[in-house]
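Beneath this line is the structure, given in structure tokens, with notes to follow.
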Amino acid sequence: MSDLPPAHFRNPRARHGFRSRTCSITGVGAYVPERILTNAELERMVDTTDEWITSRTGIRERRIAAPDEATSDLAAKAAVRALEYAGVTADQVDLIIVATITPDMLFPSVACLVQQKIGAKRAAAFDLEAACSGFIYALEVGQQFIMSHTYDTVLVIGAEKLSSIVDWTDRNTCVLFGDGAGAVVLQNRQRSHGLLTACMGADGSKASLLCMPGGGSKIPATHDSVSSRLHYLRMDGREVFKNAVTAMGLAAQEVLARCDLTMDQIQCVIPHQANRRIIDAVAHRLGAPVERVYMNVDRFGNTSAASVAIALDEAVRGGIVKRGDLLLLLVFGAGLTWGAAVIEW
Ligand code: UT7
């Protein structure tokens, strides 16, 4: 017999009497810039090969935003598509949360810029920063506002223009990242598409494994900071890889246990799209068959907070996810941070 307590004690929604209200995802949307940067082009920029990039990461191409296209532009386009899908008008939105590490500027927030761009005049707006884990962090935060009856309609967006912080002379990182945005609309609906549970985790002792040292209050922009290339993303890829596999595996087990589910009951796993080898390793650890794991890392690379949101939009609109399916979302990123969520579609 299991040592675990009965399911209704483990399911936090059941425990807190949340069953009376459901947080549903009523709309999905995504936007990626038109410009495609291929591995062949990268071969001409740094000392790399298509063969290395494809075999070590699974990435074949990524999207790059236009010079005059900022994160808020990508976010607003994804948001409009999610609102259309949900049949919600911008003035019905109560709150906008944008997860990003590449805001248009340090302040004001991208969320405020999106509020203006889509005309969501009534909405409160703020950004949330949990790097590549940002979308699930934002989903969990947005859910709290729905469950607590504070708001009826919350727009959650993951959006990044990573091309603006990538060091295009560093072959270790520049081949990995891309730009894009994904969005969902959260509302209280009884029928389906419900977010069953989500978990979040962090380990700040490993902050230096993946960071951008310059541009904040510790190292403000100076000629020195620019010439020392401190305004670019830096990563110890090998260490991040190991931590990602462990953390996403454990996060998945936690949310499945909370919902009293096993892996064979999950129809679609949507992991953070950083590296095909990381995804394969996590799937193997969880015993998830490869055909149930959604992947688009080959076309978009790592789009950080946008990654799972773009993949969810594709899986839903592409008919891969069907009504009643159980989905497992997994994220991992700088911080370190990680998270997982179970959705009943
Ligand atoms: O979004 C969350 C955060 N990001 C991630 O999850 C990314 C996590 N890490 C990774 O995906 C992988 O660690 C990388 C793709 C970054 C690197 O793959 P790896 O198998 O861990 O390679 P490595 O770092 O062990 O490097 C192997 C070799 C090195 O050469 P030496 O030192 O063995 O001579 C690198 O210099 O590959 C070299 N290398 C490259 N060679 C050609 C690194 N980047 C490239 C490149 N082209 N672009």
Quiz prompt | Filter result for Asn243 (within 14 Å of the ligand (Cβ to nearest atom) and under 26 Å from Val316 (Cβ atoms)) | solution = no
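Let's see how each residue does on (1) among the charged types (D, E, K, R); (2) touching a residue at least 40 places away in the same chain (Cβ under 8 Å):
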site: Asp260; (1), (2): yes, yes
site: Ile266; (1), (2): no, yes
site: Pro271; (1), (2): no, yes
site: His284; (1), (2): no, no
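Here is a yes/no grid of residues against (1) within 12 Å of Cys132 (Cβ to Cβ); (2) in the same structural domain as Arg56 (by TED's automatic domain parsing); (3) polar (S, T, N, Q); (4) crowded, with 24+ Cβ neighbours inside 10 Å:
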| site | (1), (2), (3), (4) |
| --- | --- |
| Cys259 | no, no, no, no |
| Asn275 | yes, no, yes, no |
| Arg285 | no, no, no, no |
| Pro289 | no, no, no, no |
| Asp298 | no, no, no, no |
| Ala305 | yes, no, no, yes |
| Ala309 | yes, no, no, yes |
| Val321 | no, no, no, no |
| Trp338 | yes, no, no, yes |
Exercise. Report the residue count in segment 34-49 for those that are surrounded by fewer than 17 Cβ atoms within 10 Å (Cβ to Cβ) and in a helix (DSSP H, G or I).
Key: 3
Quiz prompt | Residue among Ala274, Ala305 that is in a loop (DSSP other than H, G, I, E, B), near the ligand (Cβ under 10 Å from one of its atoms), small (Gly, Ala, Ser) and on the phi < 0 side of the Ramachandran plot | solution = Ala274
Practice problem: For Gly119, state whether it is within 30 Å of Glu61 (Cα to Cα) and touching a helix residue (DSSP H, G or I) at 6+ places or on another chain (Cβ under 6 Å). | Solution: no
Practice problem: From Gly201, Gly249, Gly182, grab the single residue that is out of contact with any His (no Cβ under 6 Å at 6 or more places or on another chain), among the small types (Gly, Ala, Ser), in the same structural domain as Leu327 (by TED's automatic domain parsing) and part of a strand (DSSP E or B). | Solution: Gly201
Self-check item: Residue under evaluation Gly214, criteria (1) away from the ligand (no atom under 11 Å from the Cβ); (2) crowded, with 17+ Cβ neighbours inside 10 Å; (3) within 29 Å of Ala341 (Cβ to Cβ), criterion not met
Solution: (3)
Self-check item: Candidates Ala221, Ala283, filtered to the one that is assigned to a helix (DSSP H, G or I) and away from the ligand (no atom under 14 Å from the Cβ)
Solution: Ala283
Exercise. Out of the residues in segment 242-253 that are surrounded by fewer than 17 Cβ atoms within 10 Å (Cβ to Cβ) and not β-branched (Val, Ile, Thr), state the one that is farthest from Pro213 (Cα to Cα).
Key: Gln253
Quiz item: Taking Asp167 and the conditions (1) in a strand (DSSP E or B); (2) acidic (Asp, Glu); (3) within 16 Å of the ligand (Cβ to nearest atom), which numbered condition does it fall short on, given that it satisfies the others?
Solution: (1)
Quiz item: Given the structure, is Ala315 among the hydrophobic types (A, V, I, L, M, F, W, C), within 16 Å of the ligand (Cβ to nearest atom), buried (at least 17 other Cβ atoms within 10 Å of the Cβ) and part of a helix (DSSP H, G or I)?
Solution: no
Quiz item: Is it true that Ile96 is within 14 Å of Phe177 (Cβ to Cβ) and more than 16 Å from the ligand (Cβ to nearest atom)?
Solution: no
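The values are calculated or read from the model by the stated rules, or taken from the named source; none is laboratory data. Only a predicted model underlies this, so the values are computations on that prediction, with no experimental measurement involved. Please note: Cβ atoms are built from the backbone with ideal geometry, for glycine as well, and neighbour counts cover all protein chains shown.
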